[in-house]
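Report on the structure given below.
The values are calculated or read from the model by the stated rules, or taken from the named source; none is laboratory data. These numbers were taken from a predicted model, which means no experiment stands behind them. Cβ placement follows ideal geometry from the backbone for every residue including glycine, while neighbour counts extend to all protein chains displayed. Please note that ligands, DNA and RNA were not included when accessible areas were found on the heavy atoms of the full protein model with its side chains. Shrake-Rupley method; radii C 1.70, N 1.55, O 1.52, S 1.80 Å.
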Amino acid sequence: MAIMVLQSFRPVLDTIAEEIANLDGRGRPADYIPALAAGDPRHFGMAVADLDGTVYGVGEWQRPFSTQSVTKVYTLALALAHEGEILWEHVGREPSGNPFNSLVQLEYENGIPRNPFINAGALVVTDRLHRLTGDASGALRDFLRAESGNDGLDFDRDVAASETAHGDRNAALAHFMASYDNITTPVPTLLREYFRQCSIEASCADLAVATGFLARHGIRADGTRLLTRSQAKQVNAVMLTCGTYDAAGDFAYRVGLPGKSGVGGAIIAVVPGRCTLCVWSPGLDARGNSVAGVAALDRFTTITGLSVF
Ligand code: GLU
């Protein structure tokens with residue numbers, strides 16, 4: 001198949017939006033967080049950002065949504081930037097083979113979570129970032145504002161409150177890891193930080209642009225370096241192997257890009273050295289990935305030939 005020479009991503013996005021409009025079976029919104037349960041699977045937005053931050057979008061690409069676990073990528077990058085290799089003494093980098101909020105492996109593995117993108121691993125990363133900065137959620141919000149250029153980007157206090165009210169499983173994970181000394185922030189403080197982090201509202205445009213540092217091999221929007229080239233490779237690699245819950249194999253097969261999904265229905269993806277993407281549609285499959293989101297990214301890499309393989 002001929003690979004397209006792209007002058008602009010706009011025609012590709014238009015084609016994908018037309019195809020997605022005809023997609024049957026779009027999954028269901030996450031209902032274990034009541035504030036997300038009303039999400040309508042018919043919503044769809046997609047944005048692609050060039051390395052220079054030029055962004056192309058289709059559908060509801062400027063509409064804010066709950067970013068949820070997509071934020072785990074940025075806290076990982078910030079913690080790695082602050083403390084480097086030490087982070088990996090506290091969290092692994094292997095796929096878990098279990099649901100994102102599972103407790104079962106933690107006892108066998110002495111309180112060290114398999115990877116930074118399951119909830120246990122993300123709690124550890126937020127703990128590290130909070131120790132290092134004194135304000136993990138604030139550091140994340142400032143970073144996303146700076147990288148996206150959107151100063152209005154903020155937490156959604158209703159979503160954070162909804163998660164706090166239904167946060168027993170995350171609390172259990174945090175307490176359990178604290179018993180292994182792998183969490184040192186007081187658990188109530190850590191949960192507040194983690195739920196704020198998950199509640200950040202942003203659009204496809206915001207996240208496509210804010211993820212640019214991973215396509216620029218660690219270079220931030222202002223030209224300064226956040227991650228070494230090697231660390232940017234590491235984050236992309238963990239996204240590829242662990243970023244889409246217990247379906248990372250199927251996502252790699254269909255899309256062929258490092259990606260990270262969230263239960264709000266967003267997925268970010270990176271074409272290193274070329275561009276970054278964000279797609280959003282709240283209907284999830286049984287594993288927690290946006291049905292229309294995966295389909296759209298599948299079509300993007302198939303039509304354009306842009307993939308890491
Ligand atoms: N805030 C959600 C939780 O902790 C994030 C889950 C997700 O998006 O994967 O359950």
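Check Arg28 against each of (1) at pLDDT below 95; (2) open to solvent by 70 Å² or more (accessible area, probe 1.4 Å) and name the one condition it does not meet.
(1)
With away from the ligand (no atom under 16 Å from the Cβ) and touching a residue at least 12 places away in the same chain (Cβ under 8 Å) as the only criterion, which of Ala172, Ala237 stands out?
Ala237
Any idea how many residues of the stretch 117-155 are in a loop (DSSP other than H, G, I, E, B) and either open to solvent by less than 10 Å² (accessible area, probe 1.4 Å) or acidic (Asp, Glu) (or both)?
Matching residues across the stretch 117-155 total 4.
Consider the stretch 217-239. How many of its residues are more than 18 Å from the chain's Cα centre (by Cα) and surrounded by 14 or more Cβ atoms within 10 Å (Cβ to Cβ)?
Looking only at that region, the number is 4.
Just the residues that are in a strand (DSSP E or B) and within 16 Å of the ligand (Cβ to nearest atom), please, taken from the stretch 270-309.
Cys278, Val279, Trp280, Leu284, Ser290
Considering each of Pro99, Pro113, Pro95 in turn, give the residue that is touching a His at 6+ places or on another chain (Cβ under 9 Å) and over 26 Å from Ser203 (Cβ atoms).
Testing whether each residue is touching a His at 6+ places or on another chain (Cβ under 9 Å) and over 26 Å from Ser203 (Cβ atoms) leaves just Pro113.
Among the listed residues Asp158, Asp181, which satisfies the condition of being over 30 Å from Gly212 (Cα atoms), open to solvent by 50 Å² or more (accessible area, probe 1.4 Å), in contact (Cβ under 8 Å) with a residue 60 or more places away in the chain and away from the ligand (no atom under 11 Å from the Cβ)?
Going through Asp158, Asp181 in turn, the sole match is Asp181.
Can you find a residue in the stretch 166-177 that is farther than 26 Å from Phe213 by Cα and not in a helix (DSSP H, G or I)?
yes
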